Amino acid sequence: MSIKLENISKTFNGFKALDSINIEFADGKLTALLGPSGSGKTTLLRLVAGLEIPDPDPAGRILFNGKDVVNEQVGRRRVGFVFQHYALFRHMNVFENVAFGMRVKKRSERPSQEEIRERVFELLRLVQLDSMYNRLPSQLSGGQRQRVALARALAIRPEVLLLDEPFGALDAKVRTELRRWLRDLHERLHFTSIFVTHDQEEALEIADRIVLTNQGRIEQTGTPEEVFHNPANEFVMRFLGEVNVFHARVDENAAGQVSLKERGELSDANLLIRPHDFQIHLENPPKGSRIAAVIQKIRTAGPIVRIDMSDEENKAILVHLSHEEFRAMSLACGQRVFLTPRQLKIYANGKKKPK
Amino acid sequence: MEQERYRRALRAPRPVNILIGFLALGFIGLFLVLPLIVVFSEAFRQGLQVWWKSISDPDALSAIRLTLLVALIVVPLNTIFGLTAGWALGKFRFKGRSFLITLIDLPFSISPVISGLIFILLFGTYGWFGPWLTAHHIQIIFSVPGIVLATLFVTFPFVARELIPLMSEQGTEEEQAALTLGAGGWQTFRRITLPNVKWGLLYGIILCNARAMGEFGAVSVVSGHIRGETNTLPLHAEILYNEYNFTAAFAVASLLTLLALVTLIVKTIVEMKNDPRRRS
Amino acid sequence: MNAIKKHRVLPGFGLSLGTSLFYLGLIVLLPLSALIFRSSALGWQGLWEILGSERVLRSYRLTLGTSFAAAGVNAVFGFIIAWFLVRVKFPGKKIVDSLIDLPFALPTAVSGIALTAIYSRNGWLGAPLEALGIKVAFTPVGITFAMILVGLPFVVRTVQPALEELETELEEAALSLGAGRWKTFCRVIFPMVLPSLMTGFAMAFARALGEYGSVVFIAGNMPMKTEIASLLIITKLEQYDYAGATAIAIGMLAISFLLLLLINGLQSWSSRRLKGI
């Protein structure tokens, strides 16, 4: 099912959580809503589910397969919603939690006891919890609760699955496991899924598409590759990974040539370089822009080598190297080196500028 | 080691603890246990038969009937109110909410006698509706409706004040989950909200019931003390006592005391089930 | 384009709030407004005339005095009992703990006649006390005793949680800084619990002011001597003196609302003070 939001706003007590949002979620894709906390991503998800009502003025639309559902109640929208803290019914065991959606159907539509039982166990096998069917939520671990919440949401055969920070409350190891498992599950069932996260790694790893939100607006939409390699603005670039920011000056006379700002000069653009996009030179390279820096600290524990440097103005610069490169160069603390960027992005006033 | 030393130091020395225990238990014994003992010993002073005769007396039986009737009307009404107030004030946030909660608590801070007085001012012979009621031959004061109204007022907050904080603390996530799964409002309330607050609800109900059956001041003002007609159990005990029929008075009191003890036991059980601190 | 209907996601708000407001209005607010209107009909002059009479003033003084004394005794012993329940291990603790709530569950008439039987001239304790020349029943002391009984759980139940929540770390810190046990109690524990103790005191005081059932038997009800305000209201009502009853009631109500404000203030003060740390 495709989902489209047209001109949707949401205000809470005068605070604009979402500001005329327009967005389309493609059928069958796993989309990540990514942004810092308070950016409106959870509100967006809850609006799709019908758990929030959009501002009546200006009137927007929420289309499910082209049909406006904005006045449709939550229960009628057939969305599977997985809550951040799972919201499992604490007085019901796992089986009853999953069966709930079927038990509350109208008598004419309600499956028989036998069918309910079959469907519940099918789902519990899917989330690998069939042996725990009679446990209470309080007797489950965080990861298990998450999977019960998912099975419960799937039990009503939703056409869209919405997950609010699905891995937010789990510890690191369970998190990565469940992440992969969710991706597999989506591959198998592939219906339209949207999940909210503030973890860019998570979004980049499992989503088909990423929607970046900030202060109630959408900053960029695209595949993980697009948003990572072609960030639309400084916010996106900063949010998707570590980055070094330099103040720069755009030279209008020299056809928009950009150079790093000198001491005392006003800057009118920011120059952004990812830590892994630096080339380190031991000697001063003859031509091109270069930054002189002194190595302050080297950390080799981990998959890459992280080097803290400082430039002449004592500004911190972070550089990432592979272990091979690092060994080949034999760097040491206190050493003076020169950096040239392999790749950089320039944004003036937060907007991208042609290089 | 260090910690263990402090921990030991934290505990008061033994003689101090013994003194504290002596004072605490002595005070409890004097003001709480001794009256209990007196009630039962006075009630059975002349043997089981006299006790039985006192409470199977027609006037006593009618008092028991009236007390049960009042509780049977008052407790369900206040329970329904408690549930609606719990839903509206516990699950939603809106302007004036805390003011409403204060209003609901109001009867707790009003003396029982005043609680009775206000109904006299409304429905008594010289009250607001007095002339109209007299003209239509409807009697509220000095009859059962007045007793019911005064008891409703006095026990009004019991269920609501248990449920509002409980429902508010539990939040609405589970209800929202039920809604996304297709449950209607009533189904959500019955299957999710109600089971989650059942112990708090029971707690409120038993306290409401205890007060409804035992209320004295407010009921005494509006009842008129008509034997066999408008006497509840506490009023019956009062009349017997004032007639120097002590044994019969204490026999009736022993019934009410039993009710209080049962209430305390149920309350303790519910607290153990309800309180996560004590449950774990 | 469909207009977006403004409503709440969780259903039943209008219905439940409407029902609650209707019921609240009918059972609580309408009757109370009768009291307010009646007294406003009296005017300040009329009110003062009634409240200024010797008999009313004496009953107010008696009620306030005995209530204050009872709340004071309860504050001291309530604190000791709360401490005992929280800090001292002993067998049967659960039973003693449950027993504290007895005055909440016991009809006031029962405690009234029981206390009177204990302290009357030939009662269990009344007789030996009489021999010592101490009279309890039918004196202000007896009234105070009845008020102690009904007010006790208020102090214990507000102080107990405050004592339970005290972090042992705090005391450990004080002890590790070299403070002795007594000093730690006076300088650390007691100030932390004081707001709750004051709240409990105020609640017990408020409860005692309005108490009727347990007091009326032991008081003796002699005009000008042992006649509490609640009883005077009833006496006035029995003489169909609605104005008199209303005036006395309004005076009582004013005092208990002042106390309610004080209690609310104390509670927000203590929670602000403790959470601010």
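The values are calculated or read from the model by the stated rules, or taken from the named source; none is laboratory data. In this text, all values refer to a predicted model and were calculated from it rather than measured experimentally. Quick reminder, even Gly has a Cβ in these numbers, built from the backbone with ideal geometry, and neighbours come from all protein chains shown.
Summary of values
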{"read-out": "Selection from region A:1-29 of residues that are assigned to a loop (DSSP other than H, G, I, E, B), of a type in the set (S, T, N, Q) and on the phi < 0 side of the Ramachandran plot", "value": "A:2"}
{"read-out": "Qualifying residue in region B:252-261 (condition: outside any helix (DSSP H, G or I), at the interface with chain C (Cβ under 9 Å from one of its Cβ atoms) and in contact with a helix residue (DSSP H, G or I) (Cβ under 9 Å, 6 or more places away or on another chain))", "value": "no"}
{"read-out": "Among residues of region A:31-90, those that are assigned to a loop (DSSP other than H, G, I, E, B), within 20 Å of residue A:207 (Cα to Cα) and within 14 Å of chain B (Cβ to nearest Cβ), counted", "value": "2"}
{"read-out": "Residue count, region B:68-110 (criterion: touching a helix residue (DSSP H, G or I) at 6+ places or on another chain (Cβ under 7 Å), farther than 29 Å from residue C:202 by Cα, part of a helix (DSSP H, G or I) and free of Cβ contacts under 8 Å to residues at least 24 places away in the same chain)", "value": "2"}
{"read-out": "So residue B:168, is it assigned to a helix (DSSP H, G or I), hydroxyl-bearing (Ser, Thr, Tyr) and touching a Phe, Trp or Tyr at 6+ places or on another chain (Cβ under 7 Å)", "value": "no"}
{"read-out": "Single residue of B:184, B:214 found to be more than 30 Å from residue B:113 (Cα to Cα), free of Cβ contacts under 8 Å to residues at least 60 places away in the same chain and at the interface with chain C (Cβ under 8 Å from one of its Cβ atoms)", "value": "B:184"}
{"read-out": "In region B:86-143, residue farthest from residue C:34 (Cα to Cα) [restricted to those that are of a type in the set (Ser, Thr, Tyr) and more than 7 Å from chain C (Cβ to nearest Cβ)]", "value": "B:98"}
{"read-out": "Any hit, region B:117-137, residues being buried (at least 24 other Cβ atoms within 10 Å of the Cβ) and touching a Lys or Arg at 6+ places or on another chain (Cβ under 7 Å)", "value": "yes"}
{"read-out": "Those residues of region B:223-242 which are farther than 13 Å from residue B:65 by Cβ and either free of Cβ contacts under 8 Å to residues at least 12 places away in the same chain or within 12 Å of chain C (Cβ to nearest Cβ) (or both), in sequence order", "value": "B:223, B:224, B:225, B:234, B:235, B:237, B:238, B:239, B:240, B:241, B:242"}
{"read-out": "Qualifying position, being surrounded by fewer than 24 Cβ atoms within 10 Å (Cβ to Cβ), within 22 Å of residue B:86 (Cα to Cα) and facing another protein chain (nearest Cβ under 9 Å), among B:169, B:173", "value": "B:173"}
{"read-out": "Spans of helices (runs of 4 or more DSSP H) in region B:9-67 with at least 3 residues more than 25 Å from residue B:209 (Cβ to Cβ), touching a Phe, Trp or Tyr at 6+ places or on another chain (Cβ under 7 Å) and within 14 Å of chain C (Cβ to nearest Cβ)", "value": "B:14-28"}
{"read-out": "Scope region C:209-244; condition facing another protein chain (nearest Cβ under 10 Å), assigned to a helix (DSSP H, G or I) and farther than 25 Å from residue C:46 by Cα; matching residues", "value": "C:213, C:214, C:215, C:216, C:217"}
{"read-out": "Within region C:17-52, tally of residues that are under 30 Å from residue C:220 (Cβ atoms), over 27 Å from the mean Cα position of the chain (by Cα) and within 9 Å of chain B (Cβ to nearest Cβ)", "value": "0"}
{"read-out": "Tally of residues being among the basic types (Lys, Arg) and modelled with pLDDT of 95 or more across region C:75-123", "value": "0"}
{"read-out": "One residue from B:50, B:38, B:70, B:74 being surrounded by 21 or more Cβ atoms within 10 Å (Cβ to Cβ), of a type outside the set (Lys, Arg) and farther than 16 Å from residue B:256 by Cβ", "value": "B:74"}
{"read-out": "Only one of C:55, C:61 that is charged (D, E, K, R), more than 11 Å from every other protein chain (Cβ to nearest Cβ) and within 21 Å of the chain's Cα centre (by Cα)", "value": "C:61"}
{"read-out": "Test: residue C:112 is under 26 Å from residue B:212 (Cα atoms) and within 11 Å of chain B (Cβ to nearest Cβ)", "value": "yes"}
{"read-out": "Residues satisfying the stated conditions in region A:152-181, i.e. in a helix (DSSP H, G or I) and crowded, with 22+ Cβ neighbours inside 10 Å", "value": "A:152, A:153, A:154"}
{"read-out": "Residue list for region B:52-64, restricted to those being without any contact (Cβ under 8 Å) to a residue 60 or more places away in the chain and closer than 13 Å to residue B:227 by Cβ", "value": "B:61"}
{"read-out": "Among residues of region A:132-183, those that are touching a residue at least 40 places away in the same chain (Cβ under 8 Å) and β-branched (Val, Ile, Thr), counted", "value": "3"}
{"read-out": "Candidates C:141, C:156 - the one that is under 28 Å from the mean Cα position of the chain (by Cα) and either in contact (Cβ under 8 Å) with a residue 12 or more places away in the chain or closer than 20 Å to residue B:36 by Cβ (or both)", "value": "C:156"}
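Here's the yes/no breakdown for (1) within 27 Å of residue B:242 (Cα to Cα); (2) outside any helix (DSSP H, G or I); (3) among the small types (Gly, Ala, Ser):
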| site | (1), (2), (3) |
| --- | --- |
| C:134 | yes, yes, no |
| C:142 | yes, no, yes |
| C:178 | no, yes, yes |
| C:189 | no, no, no |
